[in-house]
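First up is the structure itself, then whatever we jot down about it.
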Amino acid sequence: MQTFWQDLRFGVRMLFKKPGFTFIIIATLALGIGATTAIFSLFDQVMLRRLPVERPDELVILRAPGPARGRMSSDGDNATSFSYRMYKGLRERNAMFANLLARYAIPLSVSASGQTERASGELVSGNYFATLGVAPALGRTFTLDDDQQLGAHPLAVLSHAYWLRRFGGAATVLNQTILVNGHSLTVVGVTRAGFNGVQVGQSPDIFVPLTMAKQMMPNRDGMEDWNDFWLAVIGRLKPGFNAAQAEAAVLPIYQALLAEQAETLKDWAADRREAFLKKKLELKPGERGRTVFEADNGEGLNALFGMVALVLLITCVNIANLLLVRGLGRRRELAIRHSLGAGRGRLIRQLLIESLLLAGLGGLLGLLLAQWLSAALVQAIAGAEGLSATLDSRALAFTFAVTLLTGLAFGLLPAWQATRGDMMASLKDQSTSASFGRGHARWRKSLVTAQIALTMLLLVGAGLLTRTLMNLSKANLGMRTEQMVTFSVAPELSGYSPARTVAFGDQLSDALAAVPGVQAVAASEIQLLAGSNMGSNITTEGMEQLGNIESQVNQNFVSPSFFSAMGIALVGGREFTGGDNPKAPKVVIINETLAKRFFPNRNPVGTRMTFGGGNVKLDHEIVGVVKDSRYSQVRSEPPPVVYQPYAQEPALGELHFYVRAAQRAAVIPALRAAVKNLDANLPIYDEKTFDGVIAENLFGERLLAFLSVSFGGLAALLAGLGLYGVLAWTVAQRTREIGIRVALGATPGTVRWMILRQGLWLTLTGIALGLVAGFGFARLLSSLLYQVKPADLLTYVASATLLTGVTLLACWLPAYRAAKTDPLVALRCE
């Protein structure tokens with residue numbers, strides 16, 4: 001132990017002996033370790049971490065894939081949505097689950113202490129907290145007694161974070177009444193700290209009993225409808241059962257419930273009915289909760305984590321090269337210590353301790369960078385509710401492990417090289433380099449070649465992702481978005497009936513149109529390009545002739561003159577007008593994609609359709625066809641969409657307005673005033689330009705492109721520095737040779753080309769290897785690309801050209817110095 005402390009003190013002195021060299025290494029390591037830690041923290045929360053509940057390995061997610069008919073609400077996977085009646089039947093009849101919970105996320109308007117604000121909420125079954133094993137921090141949570149009678153349990157449980165933020169952590173909140181969506185709820189408890197629900201990206205502020213659904217969602221009541229799919233269901237297996245056993249045991253119960261549901265679907269075709277009755281219930285691992293955020297962002301996070309790991313590897317290679325040079329300069333020192341009795345193992349330990357000191361200091365500085373970068377990422381990511389920007393114990397443990405491995409990775413080879421061979425020859429030859437030989441040079445060149453290859457791989461990935469972002473930014477959305485602002489209101493959360501919401505929408509549209517500078521006003525129930533969806537299956541005239549066609553389509557309810565205001569071209573028929581009211585005949589407008597699928601080779605205008613299937617009345621007339629436009633995502637091709645007048649929506653509760661104005665910034669205060677004049681207590685939210693909507697929709701692509709370009713640029717800089725170091729060392733080693741060449745008549749140009757040729761050979765070898773690896777990496781990224789192929793020639797050529805340019809700059813200075821060599825000085829050089 002005494003010798004260890006001696007080596008440690010000596011290592012510290014050696015680091016302070018060359019502060020510039022030490023600072024460069026520590027700063028380089030801080031960038032690599034800091035970026036890796038920040039990405040890992042995000043990756044861990046989304047992809048790895050289990051729910052902070054009791055025995056999360058016993059939890060399972062229920063899925064019911066297969067045919068369905070009716071209203072479907074989901075956040076990505078329709079098979080995970082169940083009707084309340086199906087959930088209740090499974091809960092009451094099953095013998096395989098210790099418990100079975102249901103939940104549904106909803107927006108809330110909360111009034112307390114004289115203030116009204118928008119909050120996130122969750123309708124949950126009475127056994128929600130018991131199933132998860134989540135105890136309250138204050139008061140109590142819900143029980144099955146709070147789940148017995150519809151509308152009879154006006155209670156609320158606050159999340160710990162919301163309790164601290166809104167109520168200052170006061171215990172007096174218990175039994176306090178708050179107004180939620182126009183209904184008084186009594187606060188009965190506060191959840192424990194650290195519990196943010198069962199889905200990353202959704203962090204409920206308030207939990208409300210599921211039996212209060214009608215009060216919380218006044219324009220929707222799916223409690224008694226077998227064919228209203230909206231609840232996500234999570235089960236806890238009984239001890240001793242695995243998912244496969246539970247699937248087999250619950251199947252008869254599930255299919256018996258399907259038979260009950262089928263009684264409401266008697267008008268279905270026989271083959272579809274049979275397929276419905278044969279549906280199976282799937283149980284998927286639920287230890288990490290519902291992985292919707294992972295499904296949407298997992299591929300991008302995997303790519304980022306892979307890229308930042310490559311940057312860290314390049315950092316290690318670069319520092320190993322620097323330490324190889326430093327080891328060359330310390331050859332005599334090490335030989336003297338060896339002659340005084342220090343064995344090779346002791347010398348290697350000394351050099352590794354110095355490497356670990358460098359890594360430790362780089363890791364400490366990297367933690368500061370990681371905390372800043374993590375906070376920036378979490379704040380910027382849309383839909384990242386519940387993600388923490390604080391580096392927890394898992395992130396700190398990861399940083400410690402990475403720091404240790406990094407120190408060993410870049411320190412072991414230089415230590416081994418510096419102590420190999422006949423060390424006493426360094427003293428005999430009076431040269432610091434005599435005994436290093438060609439092996440040392442080969443190692444340094446190999447490391448630089450590997451560094452260039454890895455950099456090439458990163459540049460290819462960055463180029464493909466950047467081209468993807470450029471293609472998406474220029475994508476034809478099918479609508480005019482310039483000079484447009486958007487905002488939203490949710491009148492139903494303030495107690496409005498659908499009829500009153502329609503009247504409010506009409507009045508507000510008129511008021512906005514009268515604002516000076518406003519050129520067009522439109523409104524829709526489903527927010528455009530915001531990731532929102534609403535859909536149903538449809539039946540059209542002549543559909544029986546189309547065979548087994550997929551009949552699920554998207555829906556939106558829009559204002560009169562919506563399409564002209566949004567710049568969506570009308571192909572045939574007419575637009576909606578103010579006359580398309582609840583008393584008028586039901587009308588719809590369809591987009592071209594739907595027209596091509598359901599009405600091939602004929603004009604759909606004037607034909608009839610309806611929502612649902614089987615023996616249904618075709619009571620909607622198609623009065624128009626419009627050009628395709630993007631619906632929920634910029635990168636997704638237009639789906640089949642049916643548009644309806646919002647005045648004919650029986651459950652209208654929310655409206656998103658789009659206002660085109662010559663001066664967008666100047667008109668925003670007037671828009672707020674228009675809403676306030678109609679209802680001073682109705683809050684507006686999501687105020688932004690439409691460019692901002694598009695930017696949010698493409699945030700993932702922007703983040704990937706920005707970070708990949710940043711990582712690629714950092715890697716190119718490190719590769720250039722590494723190549724510069726190799727050539728500078730080569731010039732120093734060949735000074736006498738260069739002097740002799742110059743004395744014999746070599747021109748400066750010849751000397752420059754000799755050094756440049758060596759650098760170009762290393763560069764081209766690395767680029768060739770990187771192109772092969774880059775193509776494999778590009779194929780892994782293919783699902784993230786848009787209108788660009790993994791083998792895109794332009795990207796590969798541009799990446800190779802950029803890297804060649806960087807390396808040529810790195811080669812030029814050593815080559816220039818070599819060409820300036822004075823033969824007389826060189827021949828006297830040791």
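Dipole magnitude for the chain: about 4320 debye, using +1 per Lys or Arg Cβ and -1 per Asp or Glu Cβ, origin at the Cα centre.
Relative to the longest principal axis of the Cα atoms of the chain, the long axis of helix 292-329 lies at roughly 10 degrees.
Angle of helix 498-513 to the longest C-alpha principal axis of the chain, folded into 0 to 90 degrees and rounded to 10: 60°. Taking 0.36 nm per residue of separation and subtracting the Cα-Cα distance, full extension of the segment from LEU368 to ALA514 would add 47.3 nm.
What part of the accessible area of the range 586-645, given as a whole %, is carbon or sulfur when the probe is 1.4 angstrom? Result for the range 586-645: 44 percent of the exposed heavy-atom area is carbon or sulfur. The lysines whose alpha-carbon is closer than 22 Å to the alpha-carbon of LYS676, local same-chain residues fewer than 8 away aside, are LYS688. Bridgeable aspartates and glutamates around LYS284 (alpha carbons under 12 Å apart, same-chain partners fewer than 8 residues away excluded): ASP57, GLU58, GLU247.
The gain in end-to-end length when the SER636 to ALA295 segment is fully stretched comes to 121.2 nm, 0.36 nm per residue minus the alpha carbon separation.
Helix 393-418 and the longest principal axis of the C-alpha atoms of the chain enclose an angle of approximately 20°. Applying both filters, DSSP loop and at most 15 other Cβ atoms within 10 Å, to the GluC sites (Glu not before Pro) of the range 513-588 gives GLU550.
Keeping the other protein chains in place, figure out the carbon and sulfur percent of the accessible area of the range 105-250, with a 1.4 Å probe.
On the way: 2720 of 5270 Å².
The value for the range 105-250 is 52 percent carbon and sulfur by accessible area.
Checking the Cα-Cα distances for LYS474/LYS627; LYS583/LYS617; LYS279/LYS586; LYS596/LYS789; LYS238/LYS280; LYS214/LYS266 against a 23 Å cut-off, the pairs over it are LYS279/LYS586; LYS596/LYS789; LYS214/LYS266. Take 113-126, 646-659 and order them by the average number of nearby Cβ atoms within 10 Å per residue, most first; the result is 646-659, 113-126. Take every DSSP beta bridge whose two residues both sit in the chain, then give the antiparallel share in percent to the nearest 5. Rounded to the nearest five, the antiparallel share is 75 percent.
Within the range 572-715, antiparallel bridges make up roughly 55 percent of the DSSP beta bridges whose residues both belong there.
Between TRP812 and PHE699, what length comes free when the chain is fully extended (0.36 nm per residue of separation minus the Cα-Cα distance, one decimal in nm)?
Using 0.36 nm per residue and subtracting the Cα-Cα distance, I get 36.7 nm.
Take the Cα of TYR685, step 7 Å toward its Cβ, do the same at LYS280, and the gap between the two points is 4.1 nm. Note on GLN148 and ALA499: the model spin-label points, each 7 Å out from Cα along the C-beta direction, lie 3.6 nm apart.
Only Cα pairs under 8 Å and at least 6 apart count here; give the relative contact order of the chain as a rounded whole percent. Each step should come with its number before you reach the end.
On the way: 1516 pairs, mean separation 132.2, N = 830.
Contact order relative to length: 16 percent.
Taking the helices alone, the chain has a mean residue ellipticity at 222 nm of -16500 deg cm²/dmol, built from -39,500 (n - 2.57) per DSSP H run of at least 4 residues and averaged over all its residues. With all protein chains kept in place, the per residue accessible area of the chain amounts to 43 square angstrom at a probe of 1.4 angstrom.
For the range 145-274, relative contact order (Cα pairs under 8 Å, six or more residues apart, normalised by length) works out to 25 percent.
The values are calculated or read from the model by the stated rules, or taken from the named source; none is laboratory data. Since the model is a prediction, treat every value here as computed from it, not as a measurement. Positions of Cβ are backbone-derived with ideal geometry, glycine not excepted, and every protein chain shown enters the neighbour counts. Please note that ligands, DNA and RNA were not included when accessible areas were found on the heavy atoms of the full protein model with its side chains. Shrake-Rupley method; radii C 1.70, N 1.55, O 1.52, S 1.80 Å.
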